[in-house]
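The values are calculated or read from the model by the stated rules, or taken from the named source; none is laboratory data. Just so it is clear, the model here is predicted, and its values are computed rather than measured. No Cβ is skipped: glycine too gets one built from the backbone with ideal geometry, and neighbour counts run over all protein chains shown.
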Amino acid sequence: MERGWLREERARFQMHVAPSPEPRRAANLATDLAAHLQPADERPSRSRIVLIPGCRTGPSDTAVVTDSLVDSIAKTIKELGVATIQDRRDMSVSAAWPADTLPGDGLIGDDGFSAGTLSLRSDVFGSDTSKIVRLALLQRPANTLAWSSILQINGEGTLDLNDANVMRTINLVVNFAVDQLAHIKDGTPRSASHLCYAGILRLFRLGRANFESADKLFAAAFAAEPRGIYLAWRAYLRTFMLAERQFNCRQTLEAEAFDLMYRALELEPYNSYVAGLSAHVHSMMRRSYVAAYELAERAIQLNHANPIAWACLGIAKSYLGKPEDGFQHTLLARTIAGAAPFRFQLDALSCIAGTMAGELDKAVHLAEASHALAPTFAPPLRYLSALYAHNGHRELSFEMVRKLQTTEPDFSYDKLRDKAYPAAGLHRTSIINSLPARQF
C-alpha cells in the first residue's frame, strides 16, 4: 500500500514528473568526434568480460549461489556501458577442476580472446551451513591473474542482495574490471565502451575543460553504438555543470539534460544506471523529488547493487520528509560503492542528507571526506562553509569561502541564503539563519 506521505507529495509534484514538451534539440549533438575517433573503414576493438566456469563443491545449490553473484556483476558492467559480456559458463567442466588451472582452457580457443578481454571465474566451496565464493579476474590471452577476492556466505547458503558486503563485492569487481580494460593498449580504434569509460573519468575530474571533453566522448560513444546509457551519462554530466556553475544559460542546460534523459529512458528503460542517473537529473535540475524517488526506486528494483540509485533514493526521501531514512540510504550507497570514481559525490550527497537529518557532526565528516577526494568540488565546500559557521568555527568557514571563490569569484554567504542557489538542503534546516553577516 502506498504511504500517505508519498501520495501527498506525488500529488504536489505531479507536474514535474510528466515529460516536458521541449523540442529534442540535443538529438543532433550525438555525432561529434565519431568520424575522427572511429574511422569507418576500421573495426573497433571491443572490451569484453567472458564469464567462465569454475570449481564447485558442496551442496547442489552452490551453483545457484555463485551464478546469481556473477549475474549481478555482469549486469552492472553491461548497464554502465563500459564492456560487453560473453557468458560461457554452460560448458561442461568437472567440479574438481584443479585450482591452479583455468577451467575451459581446452574448450575455448585462444583466437576467441584479444588483449581487450578479461575472464571472470567463480569458484565456490562449502557445506550446508557455510560457503566461500572466490572471484578471480584473469587477463587474456596471457591467462595471468589480475585480481581476486573471497566472499563468505553463512546460513542456508542463499545470497542476500540486501547484504552490504555482497553489494560492495559486486561493485569492487566491476570497478576493477572496467578500469583494467580501459588501460589496455592494443593499437586498434577505441570502441564505444572505451569512449564511455574515458568520458566517465573525465567527468569526475571536474572543471569546464573536462566536462566539455567528457560530453564529446559520450557523444562519440553514442554515435558508435546508440545506447541509452551514453545519453544518460551526458544528461547526468549536466547536473555537475549546474552544481559547479559551469554553464552559460540555465534554461538551455536544463532543456538539454531532460532531452537526453528522456531519450535514454526510451532506449534502455530497464537499465538501472539509466534510471539512477535520470533520478539525479530530476533532483538537481528541477528539484522534482517525487520523480527522482520513482526512478531511483525503479533502478534499485532492477539492480540492487546500484550505489547511485541508493544515493538518489536517499536524497529524494530526505526532501520528501523522511530525512532519517534518506540519510541511511546515502550511507549505504557510499558503503557499497567500493572504489568507484564517483565516490566523492556519494560522500557529498550523504553530507546533504545528514544535514537535513540533523546529524551535523557526521555531515561535517562526510563533507570533509568528499573535499579530500575532490578538493575543487563545490557542494562540500558550500556545506562546510555553513556547517563550520554553525558550529562556531568561523575561521574554518572563512577558509571554505576563500576556496570556493577561486572557482566561484562571486560566492558569499548571501549566495547560500538564496533559495535558487544549488544548496537547497540548507534551507530545510535552521543552519541558514546562523550564517555570518560578514561578506567577502
Quick one: Tyr421 ticks every box in (1) among the aromatic types (Phe, Trp, Tyr); (2) closer than 23 Å to Lys317 by Cβ; (3) crowded, with 17+ Cβ neighbours inside 10 Å except a single one, so which number is it?
-> (3)
Scanning region 377-396 residue by residue, those farther than 15 Å from Ala348 by Cα and among the aromatic types (Phe, Trp, Tyr) turn out to be Tyr388
Only one of Ala299, Ala305 is part of a loop (DSSP other than H, G, I, E, B) and either without any contact (Cβ under 8 Å) to a residue 12 or more places away in the chain or of a type outside the set (Asp, Glu) (or both), namely Ala305
Determine the pairs where a residue that is on the phi < 0 side of the Ramachandran plot, located within region 361-388, has a partner that is part of a helix (DSSP H, G or I) and of a type in the set (D, E, K, R) with Cβ atoms under 6 Å apart, the partner being 6 or more residues away or on another chain.
-> Leu366/Asp347; Ala369/Asp347; Ser370/Asp347; Leu381/Lys403
Leading residue by the ranking (nearest to Leu203 (Cα to Cα)) among those in region 371-402 that are aromatic (Phe, Trp, Tyr) and surrounded by fewer than 23 Cβ atoms within 10 Å (Cβ to Cβ) = Phe377
For Leu277, are the conditions met, namely being buried (at least 23 other Cβ atoms within 10 Å of the Cβ) and touching a Gly at 6+ places or on another chain (Cβ under 8 Å)?
-> no
Residue check: is Lys415 under 18 Å from Met241 (Cα atoms), part of a helix (DSSP H, G or I) and among the charged types (D, E, K, R)?
-> yes
Qualifying positions in region 211-247 - of a type in the set (Asp, Glu) and either outside the structural domain of Leu277 (by TED's automatic domain parsing) or more than 27 Å from Thr406 (Cβ to Cβ) (or both) | Glu225
Looking for whichever is modelled with pLDDT of 70 or more, closer than 30 Å to Gln328 by Cβ and of a type in the set (S, T, N, Q) here; the options are Thr76, Thr144, Thr117, Thr84. Which one fits?
-> Thr76
Pick from Arg134, Arg168: which is at pLDDT 80 or above, among the basic types (Lys, Arg) and under 28 Å from Thr330 (Cα atoms)?
-> Arg168
Among the residues of region 27-62, the number that are small (Gly, Ala, Ser) and at pLDDT 70 or above is 2
